[in-house]
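Here's the structure we're looking at; comments come further down.
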Amino acid sequence: MARYKYSRWLKLKIAKEAMLPENQGLEHVIAEKYHVMPWTVTRWRDHLQDVGEENAFRKGGSLNRGPTPKEVELEKENAQLREEIEILQKAAAFLTNVKRD
């Protein structure tokens, strides 16, 4: 199967169209319209959502990019959950050593 290269402009156009609320779940229709595969439309849409229009589909953009805002948020949540687990483990250890009447 041949591999095609698409312009940044076309990728943005297709991804934006796939992001429209009225086109949710209709990736296959958009793919047929532009003669690309449905999973390509989905991948381009997700990429645009992750990095934003400014950085989307740039050469080498995915190689050296920093964490996305979603990744930063998830890291903060993970740190908070780890801290809560540590507190709960200490509380459980303390309560097992408390003598009960």
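Across the chain, C-alpha contacts under 8 Å between residues 6 or more apart give a mean separation that, scaled by the residue count, equals a relative contact order of 21 percent.
The phi-based Karplus calculation (6.51 cos²θ - 1.76 cosθ + 1.60; θ = phi - 60°) puts the 3J(HN,Hα) values of the range 78-95 at 4, 4, 5, 5, 4, 5, 5, 5, 4, 5, 5, 5, 5, 5, 5, 5, 5, 5 Hz, whole numbers, x for Gly and Pro. A Stokes-Einstein calculation at 37 °C with viscosity 0.692 mPa s, built on the Kirkwood radius of the chain over Cα pairs, returns a diffusion coefficient of 191 µm²/s. Rounded to the nearest 20, the Cβ-based charge dipole of the chain about its Cα centre (Lys and Arg +1, Asp and Glu -1) stands at 560 debye. Once the dipole of the chain is set up with Lys and Arg at +1 and Asp and Glu at -1 on Cβ about the Cα centre, which of L88, M37, Y4 lies farthest towards its positive end? Result: Y4. Longer than 19 Å from Cα to Cα, which of K5/K59; K5/K33; K11/K70; K11/K33; K70/K90 are they? Say none if no pair is. Exceeds cut-off: K11/K70; K70/K90.
Bear in mind that the values in this text are calculations on the coordinates, not laboratory data. Please read all numbers here as calculations on a predicted model, not as lab measurements. Every residue, glycine among them, receives a Cβ derived from its backbone with ideal geometry; neighbour counts consider all protein chains shown.
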